[in-house]
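Following: one structure in structure tokens, then a few remarks.
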Amino acid sequence: MKYFAPSVETLIDEFAKLPGIGRKTAQRLAFHVLNLPKEDADRLAQAITAAKQTIHLCPKCQNLTDEELCPICADETRDPSTICVVADPKDVLAFEKTREYHGLYHVLHGTISPLNHVGPDDLHIRELLHRVAEEDVQEIILATNPDTEGEATAMYLARLLKPFNIRVSRLAYGIPVGGQLEYIDEVTLMRALNGRQNIR
């Protein structure tokens, strides 16, 4: 049974599709939006539309950007010999908050997960291998989450990178198993980065 007008139900349904948002939270968000002044609601809608129209993947690292290259790849002061491989764009932000890492990144946009039908070909692995082959890369830091999918992805990448004869390291286990990088505090993440270990 529907309790609200169809347009309100549609709004609730759309919010409920967001990760981590249940039906009750979706209802609260929908009513919050409906209570906004029209100008604020229009600004929210325009921000979503503009982001979808202008944001694309950086052709070098696959991070999100609205420029030709993302700001990190375009920064000539970064160390191009080190690439930190992460699963998602939000993980880049987690590392940048530590202010301890000065290399470049590569964003896979996911991890290998057979249960979710995500295989190596669904990730931006080919682009990473191309970078290693074409650029003067000395070290790859595998910084996927320390869960089953993250570990499987790291091991898979380590095997692919072995012929390149470069240092391949994994974050040290200051990060709890099952933890998500976006929720780890800066000190723990910094210690994990500084204590990374070779995996071959």
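Hey, got the Cα dimensions of the stretch 1-142 along the principal axes, in Å, largest first?
60, 38, 27
If you average the sequence gap of Cα pairs under 8 Å that are 6 or more apart and divide by the length of the stretch 54-170, what percent do you get for the contact order?
24 percent
Run lengths n ≥ 4 of DSSP H only: what is the helix-derived mean residue ellipticity at 222 nm for the chain, with -39500 (n - 2.57) per run over all residues, to the nearest 500?
Numbers: 8 runs with 88 residues, N = 200.
Roughly -13500 deg cm²/dmol at 222 nm, from the helical runs in the chain.
Leaving ligands, DNA and RNA out of it, rank Glu96, Glu182, Glu139 by accessible area with a 1.4 Å probe, largest first.
From most exposed to least exposed: Glu182, Glu96, Glu139.
Kindly state, to the nearest 0.05, the FRET efficiency for Ser7 paired with Lys162, given R0 = 45 Å and r defined as their beta-carbon distance.
Working: r = 56 Å, r/R0 = 1.24.
The computed FRET efficiency comes out at 0.20.
Post the alpha-carbon centroid distance, the stretch 83-159 to the stretch 1-62, in whole angstrom.
Using only Cα atoms, the two centres lie 29 Å from each other.
Return the single residue from Leu29, Leu189, Leu44 with maximal mean-square fluctuation; model: Gaussian network over the chain, springs between Cα atoms under 10 Å.
Comparing Leu29, Leu189, Leu44 in the GNM, the peak value goes to Leu29.
Can you give the extra length, in nm with one decimal, that the chain gains between Ala16 and His130 once fully stretched, where that is 0.36 nm per residue apart less the Cα-Cα distance?
Numbers: separation 114, 0.36 × 114 = 41.04 nm, distance 3.87 nm.
Computed gain between Ala16 and His130 is 37.2 nm.
What FRET efficiency comes out for the pair Ala41/Glu67, r = Cβ-Cβ distance, R0 = 35 Å, nearest 0.05?
0.75
In percent, how large is the relative contact order of the chain, given Cα pairs closer than 8 Å and 6 or more residues apart?
This gives 15 percent for the chain.
Using a 1.4 Å probe and counting only protein heavy atoms, arrange Ile12, Ile72 so the residue with the most accessible area comes first.
Sorted descending by solvent-accessible area, the residues read Ile72, Ile12.
I need the peptides 128-136, 101-109, 163-171 ranked by packing, meaning the mean over residues of other C-beta atoms within 10 angstrom, with the highest value on top.
101-109, 163-171, 128-136
Determine the order of Asp13, Asp121 by accessible area, beginning with the largest, at a probe radius of 1.4 Å.
Asp121, Asp13
Along the Cα→Cβ direction, 7 angstrom out, place labels at Ile55 and Val118. What is the inter-label distance in nm?
1.6 nm
For the chain, set up a GNM with springs between Cα atoms under 10 Å and report which of Gly119, Gly150, Gly110 has the largest fluctuation.
Gly119
Would you mind checking the tilt of helix 148-161 against the longest principal axis of the Cα atoms of the chain, expressed as 0 to 90 degrees and rounded to 10?
It works out to around 40 degrees.
The values are calculated or read from the model by the stated rules, or taken from the named source; none is laboratory data. This structure is a prediction, so every number in the text was calculated from the model and none was measured. Positions of Cβ are generated from backbone atoms using ideal geometry, with glycine treated the same way; all protein chains shown enter the neighbour counts. Heads up: the accessible areas ignore ligands, DNA and RNA and are worked out on the full protein's heavy atoms, side chains in. Shrake-Rupley method; radii C 1.70, N 1.55, O 1.52, S 1.80 Å.
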